[in-house]
Amino acid sequence: MAAYREHITVSGTLGIAYAFAAVFALGFSMTQAMIAAILTWIAGMLPDMDSQSGKPVRELFGVTAALAPLLLLQHTNQLGVSGDRVMLFALLLYGGVRYGGAAVLGKLTVHRGMFHSIPALVIAAEVTFLTYHSPDLRVRLLMAMGVALGFMSHLVLDEMYSVQWDGVRIKLSKSAGSAVKFFGKDALPNGVALGLMMFLTYASLTSAGILKAPNQEPAPEMLELTGTLDDAPAFRMADEPTDSVYR
């Protein structure tokens, strides 16, 4: 298994490369590229949120708790929340994630469970896509793909370190195959992860406009004028006398 320092080094390097590609190949701004690079770097640590050791969990929840209020502030105008209530919600969200998140995950997860899986990668990317506020769909995709890239770097690095070579033969450790997987050993975590992934996939496709929301009314069709101008209903301007009628 790769060490924590190796994970953040690899994901940080990928984040820098991703930022350069975003600016020089894809035409994004420097600010957008820097945000994507940071998200890529942070995502390289996300699978270790199920770790039982102290340092990864403390640092991950510290960073996540700091990001959560920032994402909330992006949506305050749409939520109709402003002023002191925004500050209150931000502080409550920070405290809940920072001090409650680790305790809850410690009771509900096991190391190398479904947090180390392809469904978890998809969930992390889709949550980023749905929560990052931007009118430009390309920007939201940039952030989501950065998270997916960083998350995948962690899984691949864990699998690489599960292959051991003693100079004579190659031997696989017990953790081989436990990172890049679609299903775990227990049915309940599998069902929760796959169900959440499918729900977020539907929400993401709806948010992107690929699927239509179930309660969304169809757009009215364009009316065609088949008659002549003389057949149009009479109307008048508000400031015109009643006898001044245009047809």
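Throughout, read-outs are computed from the coordinates displayed, never taken from laboratory work. The structure displayed is predicted, hence computed values, not measured ones. For neighbour counting, all protein chains shown are included, and Cβ atoms are generated from backbone atoms with ideal geometry for every residue, glycine included.
What is the fewest-to-most order of ARG140, ARG98, ARG5, ARG85 by other Cβ atoms lying within 10 Å of their Cβ? Present the calculation step by step, with values, prior to reporting the outcome.
Details: ARG140 20, ARG98 17, ARG5 9, ARG85 12.
Least to most surrounded, the residues fall as ARG5, ARG85, ARG98, ARG140.
Please sort 15-23, 149-157 by packing, taking for each peptide the average over its residues of neighbouring beta carbons within 10 angstrom, highest first. The partial results should precede the final answer.
Details: 15-23: 18.1, 149-157: 22.6.
My ranking of the peptides, most packed first, is 149-157, 15-23.
Would you kindly state how much longer the chain becomes between PHE199 and MET30 on full extension, computed as 0.36 nm times their sequence separation minus their alpha carbon distance, in nm to one decimal?
On the way: separation 169, 0.36 × 169 = 60.84 nm, distance 3.27 nm.
Stretched out fully, the PHE199 to MET30 stretch lengthens by 57.6 nm.
Ranking MET49, MET114, MET198 by Cβ neighbours within 10 Å, fewest first, what do you get? All intermediate terms of the calculation are to be shown ahead of the outcome.
On the way: MET49 19, MET114 26, MET198 12.
Going from least to most buried by this count: MET198, MET49, MET114.
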